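Take a look at the structure set out below.
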Amino acid sequence: MGLAAYILTDAGRQKLFSFLKKRVYYISTFLFIAGLAWLAALPYDELNIPTRISENALLPGQVQTHFGHSDYKVLNAFRNEIRAWQQDRSDETRLAGIEGIFQRAGLKTARQSYNVSFGDKQIAGTNVYALLEAPRGDATEALVLNAAWKDERGIVNEGGVTALLAMARYFKRWGLWSKDLLFVIPAEKVYGSQAFIDAYHENHDARQVETLSLTSGVIHAAVDLAWYGDSNRYRDINIHYEGTNGQLANLDLVNSAIHISKHQTGIDARIQHVRGNEELYQSKLLSMLRAMATQATGLPSGSHSPYIPYKIDTISLEVNGQPDGWHDDSSLGRITESIFRSLNNILEHLHASFFFYMLINTHRFVSIGTYLPSAMLIAIAFTLAGLSLYLRSHLPAPAVITSEKTMETHSAQVQKEQRIITVPSSSSDISGFDKLYPAILIGSLHILGIILWNGILLVQQTIRNTVATKMFLVYILSLELILPTLVGNFRPLSKAQTTLASALSLLVLGLCLAALATINFSLSLAMGVLCFPILFARPSASLPVRLAGRVILLLTSPLAVFTGACFLMDLKMDDVLSMVTFSYVHLHVWTPLAIWGVWWPAYMLGSLVIFS
């Protein structure tokens, strides 16, 4: 209490400000390291808790499944039909065949066509879906079973579509459903699902995506079946739960699928394709980092991802076919049946469990209250450094207290002692336009970042040429290298303006990272780590020091990170850029806005400061 009271005094505040200004970079570095250490410690059991089913009505694994060997012949028949459709290579034959199976099962069927152009790329297809009206429902609630026809490589989802057709026929025989069931077969893995769910919620362009002619009520949850390839046996199931922009399915749905797979059907369930002993620290850390990498990009991880932004809890059961596997098609059917029987029990959206979490293995997770401090510590490091620089540039120098004794001669010759406080002007004090100029400069960089991103969009949408794309990226790189010199020649920053500009930039960066951490934790953390060198960007009279700082900033710039990631993953830059721009326009992915509107301006301001 005494320390707090002392800090509230003028002398206490002056000492606190002096301490911060002298040691702020040490404190910020400590906070940054502490944030990374906190993240690395999350796989330890002391910082995570066992998974549990919070929604008691789900009762996962408590029902007796009946999908079994009697349906195996049906699965084989459907698989043979799918192979015949592939040999025919006619979309109409495939669509008519799927509709025929649905109609013979007594379901209502419909089609939905879409045709989207992006540059010289044309994405067209026809989704086919069916509706099972709930015998005990009133058409106000629905569940979805989804299985895309093929993935982005053109590989047919043979096992997934086979299981969906068999489950549609099987579910129709049961009269226990209190929710409508929608069976959706999108033509393509990602955009087919996006077109369907956008049209379902009337959030689509009718010129490109056809309006649905057959709908039901509010969709509570969905399950996607992903079994690409021609093998009909497998060993384990990988469960995906990441949606677009890093959003996650409700943890209860994920836990239910894992519980049913492991304990009811005896099939090993995994996450993030991590094999081996999942109790090891390395396995837990790998699962966590892979999940964070997927969430940080914001890109869809499967056909289930477009559903999650619409508050539809969705998971994908991914099966990697293996000829020597221990399980066959019927076991996937039993898992699907049990999941839908559990979802049929609930009376509303899943809400009792977590929407913000990090699964470190199939039975332990980290809640948001435990993992969020790691990103917040890094955000605070930028905020604290910015605050210190702001105090250094904006506030006057500390008050100097002097004491002088004066003798006043009056009629009574009274002696008085006076304490006079003088506040000398600070050399760093700025006013008027000089104070406004750094704010204008920072605002201009943010606007320029958005303009450059829209330039990339324009090139991708209109020209869509590899040479043109690379030329525009070279133009951006040239702008990054030349702009600091141009600003220095046109209107160089004074020492006080440089300090104020750095302060405002770091404050904006810290604020944005803190806000972003509550929406997409992984993206915020990744940007915070890559922006760390900006903390130490400062002017220097030494040319080698300036060049070294510039090189370090350049290596951690958005373009450098993008190029390095493409090189390490052996991907073509043009293809990745096309995928990112397409996702921004048609899949509602906003990650590029965070990069070009927050990260790039902070990086450029750091470069300007070094050469000021």
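The values are calculated or read from the model by the stated rules, or taken from the named source; none is laboratory data. Keep in mind that this is a model prediction, so the values were computed, not measured. With ideal geometry, Cβ positions are generated from the backbone for all residues, glycine too; neighbour counts draw on all protein chains shown.
Tabulated data
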read-out: Unmet criterion (only one of (1) polar (S, T, N, Q); (2) crowded, with 20+ Cβ neighbours inside 10 Å; (3) touching a helix residue (DSSP H, G or I) at 6+ places or on another chain (Cβ under 8 Å)) for Asn157; value: (3)
read-out: Complete set of residues in the range 516-559 that are assigned to a loop (DSSP other than H, G, I, E, B) and either closer than 20 Å to Gln295 by Cα or in contact (Cβ under 8 Å) with a residue 24 or more places away in the chain (or both); value: Thr518, Ile519, Asn520, Cys531, Ala537, Arg538, Pro539, Ser540, Thr556, Ser557
read-out: Any hit, the range 259-276, residues being under 21 Å from Val144 (Cβ atoms), among the acidic types (Asp, Glu) and assigned by TED's automatic domain parsing to the domain that holds Gly160; value: no
read-out: Output for the range 116-128, where each listed residue is touching a helix residue (DSSP H, G or I) at 6+ places or on another chain (Cβ under 7 Å) and of a type in the set (Ser, Thr, Tyr); value: Thr126
read-out: Top-ranked residue of the range 127-161 - restricted to ones that are more than 24 Å from Ile308 (Cβ to Cβ) and not charged (D, E, K, R), ranked as nearest to the chain's Cα centre (by Cα); value: Gly154
read-out: Residues (at pLDDT 75 or above and small (Gly, Ala, Ser)) located in the range 1-50; value: Ala11, Ser18, Ser28, Ala34, Gly35, Ala37, Ala40, Ala41
read-out: Residue count for the range 100-116, restricted to those that are touching a His at 6+ places or on another chain (Cβ under 7 Å) and charged (D, E, K, R); value: 0
read-out: Matching residues, the range 235-292, being over 23 Å from the mean Cα position of the chain (by Cα) and of a type in the set (Ser, Thr, Tyr); value: Ser256, Ser261, Thr265, Tyr281
read-out: Top-ranked residue in the range 36-50 [being of a type outside the set (Ser, Thr, Tyr) and in a loop (DSSP other than H, G, I, E, B); ranked as farthest from Ser330 (Cα to Cα)]; value: Leu42
read-out: Out of Phe521, Phe536, Phe562, sole residue that is among the aromatic types (Phe, Trp, Tyr), under 20 Å from Ile456 (Cα atoms) and modelled with pLDDT of 90 or more; value: Phe562
read-out: Unique residue being without any contact (Cβ under 8 Å) to a residue 24 or more places away in the chain and among the aliphatic types (A, V, I, L, M) when the list is Leu568, Leu577; value: Leu568
read-out: Identity of the residue in the range 296-331, part of a strand (DSSP E or B) and of a type in the set (D, E, K, R), that ends up modelled with the lowest pLDDT; value: Asp328
read-out: Meets criteria (surrounded by 13 or more Cβ atoms within 10 Å (Cβ to Cβ), more than 29 Å from Ala496 (Cα to Cα), out of contact with any Leu (no Cβ under 8 Å at 6 or more places or on another chain) and of a type in the set (S, T, N, Q)) for Thr466; value: yes
read-out: Residue match in the range 74-94 (condition: of a type in the set (Val, Ile, Thr) and more than 30 Å from Gly159 (Cβ to Cβ)); value: no
read-out: Residues of the range 495-515 satisfying the condition of being surrounded by fewer than 24 Cβ atoms within 10 Å (Cβ to Cβ), aliphatic (A, V, I, L, M) and within 21 Å of the chain's Cα centre (by Cα); value: Val508, Leu511, Ala514, Ala515
